[in-house]
Amino acid sequence: MKQSVLIATATLAGFALGASSASAQEKAKPAHPTGYTDTPMLPDGKWRVHDDTRPRPEVVTPGATPADPPSDAIVLFDGKDISKEWVMDKDDLPCDWIVKDGYLEVPPKGSGVGGYIKTKREFTDVQLHVEWASPAEVQGDSQGRGNSGLFLLGAYEVQVLDSYNNKSYADGQASALYGWKPPLVNACRKPGEWQTYDIIFEAPKFDEDGKLVKKAYVTIIHNGVLTQHRQAYLGPTGHKQVANYDKVLEKGPIKIQDHGNPVRFRNIWLRELDLDANS
Ligand code: MG
């Protein structure tokens, strides 16, 4: 009896020894290498496939939900303070739009205040998150109904409109490139409901002679639905005219349109993009 216990103990000890030397081996040679140095070169001639020496992407901590700003975002409106990041477009004076209950609202027409607002900062390539709501009570029709707009570089509009059962022209609907491209689908929520825009904007580029070398592009996700997929602009947005790239413009503020309709905005943030990162 005693002998069998001894044998069992020795066997267990043997297993334990074997296990510990196996784990030492695993440490010495990981089952999954962090990368390779002997793989073929990629077509760009800079890195190998799975290159172990290639810098890893910068870490960004995501927001608690996809609506919340990630760690590298610039918060343009947090529901309280509009004075920090925004001014009136016409004269750079403090923004006089209504700030109430965590949202920003276009002031009533004829109130003596209002007009387009713009960010104090200027941007190029950005990822922009904006939430907006058209008036719960429908007033006006077509382009006179819940109309506003976000102007990237202060010039390239992503249309904001109450497009819920609104038979206005296609290239003027919510998330249209106004005067050019209708959205792929109409993903508008009912009047008064909060809606989300997640916009990826690529600024145009010009050479030293002012010749266009890259158009402006935009991708838009409206309420979680893709409505524009890296769509090129014809140029800065206009009304009843065909846009073009005559003017050199590579950088600018975000503007929000006052179209005389009390549209609300909240939770506005953006990330400045380095589209060549890790290339
Ligand atoms: Mg508009």
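The values are calculated or read from the model by the stated rules, or taken from the named source; none is laboratory data. These numbers were taken from a predicted model, which means no experiment stands behind them. Reconstructed Cβ throughout: ideal geometry from the backbone, glycine too, with neighbour counts over all protein chains shown.
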Cβ-Cβ under 6 Å, sequence separation 6+ or interchain: first residue in region 210-226 and on the phi > 0 side of the Ramachandran plot, partner exposed (fewer than 15 other Cβ atoms within 10 Å of the Cβ). Which pairs? GLY210/VAL248
Name the residue that is farthest from the ligand (Cβ to nearest atom), counting only residues in region 144-201 that are hydroxyl-bearing (Ser, Thr, Tyr) and assigned to a loop (DSSP other than H, G, I, E, B). TYR164
Sort through THR227, THR219 and tell me the only one that's more than 16 Å from the ligand (Cβ to nearest atom), of a type in the set (Ser, Thr, Tyr) and part of a strand (DSSP E or B). THR219
From VAL75, VAL60, which residue is under 21 Å from the mean Cα position of the chain (by Cα), of a type in the set (A, V, I, L, M) and not in a loop (DSSP other than H, G, I, E, B)? VAL75
Number of positions in region 109-135 that are more than 30 Å from ASP276 (Cβ to Cβ) and not charged (D, E, K, R): 12
Considering region 240-265, residues that are in contact with a Gly (Cβ under 6 Å, 6 or more places away or on another chain) and away from the ligand (no atom under 16 Å from the Cβ), and then whichever is nearest to ALA216 (Cα to Cα), we arrive at TYR245
ASP92 vs. criteria charged (D, E, K, R), within 16 Å of the ligand (Cβ to nearest atom) and either touching a residue at least 40 places away in the same chain (Cβ under 8 Å) or over 13 Å from TYR197 (Cβ atoms) (or both): no
So is ASP125 away from the ligand (no atom under 16 Å from the Cβ) and under 18 Å from ALA232 (Cβ atoms) or not? yes
Restricting to region 36-45, give me the number of residues that are part of a loop (DSSP other than H, G, I, E, B) and at pLDDT 95 or above. 6
Search result, residues across region 231-279 that are of a type in the set (Lys, Arg), in contact with a Ser or Thr (Cβ under 9 Å, 6 or more places away or on another chain) and under 28 Å from GLY144 (Cα atoms): LYS255, ARG264
Residues that are buried (at least 21 other Cβ atoms within 10 Å of the Cβ) and outside any loop (DSSP other than H, G, I, E, B), drawn from region 127-143: LEU128, HIS129, VAL130, TRP132, ALA133
Scope region 108-130; condition at pLDDT 95 or above and either of a type in the set (Ser, Thr, Tyr) or in contact with a Ser or Thr (Cβ under 6 Å, 6 or more places away or on another chain) (or both); matching residues: TYR116, THR119, THR124
